[in-house]
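Only one structure is covered here, and it is reproduced in the block below.
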Amino acid sequence: MHRTVATGLALASLVTVAAGGALAASPGGAAPLSTVTFTEAERRETLTYWTADRMRDVTGGAALGHDAASVKPWRGPALTSVGRLFFTNEKGQDSYCTATAVRSHNQSTVMTAGHCVQLPASPDNHYSNMVFVPGYDEGKHPHGTFAVRAVVMPRSWQDDAENDIAAVVTDQQDGTSLTDAVGGQTLAVDRKPGTSVTVLGYPDSREQRGEKLMYCTGTTTAAPGGKQTVRCPMEGGASGGPWLADLDTKSGRGKLVSVNSFGDAAQDGTVMNGEVLGATAAELHAHAEQL
């Protein structure tokens with residue numbers, strides 16, 4: 001979890017603004033991206049590795065903060081596209097983040113934070129044993145567990161800890177693609193700060209321990225470094241969770257305009273920060289949906 005302080009839907013219009021294992025670089029002319037892939041054997045082993053007990057035990061022994069009063073359990077329509085992204089970090093420790101299935105040509109693309117897939121500014125330290133569990137709820141996996149076969153991140157995150165976003169691409173499960181099973185949110189780029197958003201995540205707070213989808217709402221404001229902030233503090237584990245604008249509280253559909261990156265305190269903070277999604281996010285999505 002990132003606790004750094006000031007560090008089936010139709011497939012039309014997959015991104016709301018048109019965009020101009022093994023490591024691979026992006027082709028010339030595109031935004032500089034890096035791709036990590038996992039072999040079929042690795043993915044089979046990963047699905048065996050992540051038992052229900054192991055998922056529940058991920059946060060055991062961590063120093064946990066409390067949920068803020070503004071952070072509440074999600075009681076709206078089932079947001080099946082949002083789930084927990086489990087992985088083993090560069091220290092060999094089990095961990096998790098929050099992630100969101102998005103509409104894509106391959107019906108298998110998930111958006112999250114860069115620090116949920118790769119140690120920042122450390123090119124060789126990408127995470128392993130990665131699975132996405134959409135709709136996770138108190139140990140229940142109503143839509144199954146999807147092995148991750150590829151990760152795409154900005155080269156700027158891998159090399160310089162800049163632009164904290166990433167995409168992961170999942171395998172099918174029993175012949176069914178991810179968004180065929182759970183739907184997907186629409187990725188929206190070039191949405192300026194000043195937007196009303198619903199922020200979601202699975203915080204590893206003392207109250208929730210990552211077992212419940214939590215949310216709060218607020219209006220984004222510009223932050224230093226081209227980022228944006230919202231008064232919606234969540235504990236670690238909420239990292240990578242979506243900021244959804246224009247969320248329809250009946251259908252659960254909205255537009256993903258950022259993801260949880262970092263707060264203003266190691267515990268019991270007051271705000272959440274995220275990237276302003278632009279051309280790099282669009283290129284990231286476009287590359288991931290072709291894998």
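Filtering the range 129-152 to residues that are open to solvent by 10 Å² or more (accessible area, probe 1.4 Å), touching a helix residue (DSSP H, G or I) at 6+ places or on another chain (Cβ under 7 Å) and at pLDDT 95 or above leaves N129, G135, H143, T145, R149. Every condition in (1) at pLDDT 70 or above; (2) open to solvent by 50 Å² or more (accessible area, probe 1.4 Å); (3) basic (K, R) is met by R84 except one, and the failing one is (2). Under the condition of being part of a strand (DSSP E or B) and aliphatic (A, V, I, L, M), which residue from the range 193-230 is nearest to R56 (Cα to Cα)? Restricting to residues being part of a strand (DSSP E or B) and aliphatic (A, V, I, L, M), the top hit is M214.
Just to be sure I understand, how many residues within the range 176-192 are in a loop (DSSP other than H, G, I, E, B), at pLDDT 95 or above and either closer than 28 Å to G139 by Cα or not hydrophobic (A, V, I, L, M, F, W, C) (or both)? Number of matching residues: 3. Restricting attention to the range 129-170, the residues being touching a strand residue (DSSP E or B) at 6+ places or on another chain (Cβ under 8 Å) and farther than 18 Å from G210 by Cα number 22. Annotation note: of S156, S95, S108, the sole residue that is over 15 Å from the mean Cα position of the chain (by Cα) and among the polar types (S, T, N, Q) is S156. For the range 159-189, residues that are more than 15 Å from the chain's Cα centre (by Cα), closer than 26 Å to Y49 by Cα and aliphatic (A, V, I, L, M) total 2. Remark: D248 falls outside the filter, which requires a residue to be out of contact with any strand residue (DSSP E or B) (no Cβ under 6 Å at 6 or more places or on another chain), open to solvent by less than 10 Å² (accessible area, probe 1.4 Å) and either at pLDDT 85 or above or not in a loop (DSSP other than H, G, I, E, B) (or both). Residues that are over 25 Å from G135 (Cα atoms) and either crowded, with 19+ Cβ neighbours inside 10 Å or touching a Phe, Trp or Tyr at 6+ places or on another chain (Cβ under 6 Å) (or both) occur in the range 201-221; there is at least one. For the range 165-172, the criterion of being out of contact with any helix residue (DSSP H, G or I) (no Cβ under 8 Å at 6 or more places or on another chain) and either outside any strand (DSSP E or B) or among the aromatic types (F, W, Y) (or both) is met by none of the residues. Scanning the range 97-128 for residues that are more than 23 Å from R209 (Cα to Cα), surrounded by 24 or more Cβ atoms within 10 Å (Cβ to Cβ) and of a type in the set (S, T, Y) gives S104, S108, T109. The residues of the range 251-291 that are part of a loop (DSSP other than H, G, I, E, B), modelled with pLDDT under 90 and either of a type outside the set (S, T, Y) or buried (at least 18 other Cβ atoms within 10 Å of the Cβ) (or both), listed by number, are D264, A265, A266, Q267, D268, G269, V271.
Do we find that D159 is on the phi < 0 side of the Ramachandran plot and either open to solvent by 10 Å² or more (accessible area, probe 1.4 Å) or of a type in the set (G, A, S) (or both) in this structure? Yes, satisfied.
Across the range 30-44, the number of residues qualifying as at pLDDT 95 or above and assigned to a loop (DSSP other than H, G, I, E, B) comes to 2.
The values are calculated or read from the model by the stated rules, or taken from the named source; none is laboratory data. Quick caveat, the model's predicted, so the values are computed rather than measured. Glycine gets a Cβ as well: all are built from the backbone with ideal geometry, and neighbour counts include every protein chain shown. For accessibility, only protein heavy atoms count, side chains too; no ligands or nucleic acids. Shrake-Rupley method; radii C 1.70, N 1.55, O 1.52, S 1.80 Å.
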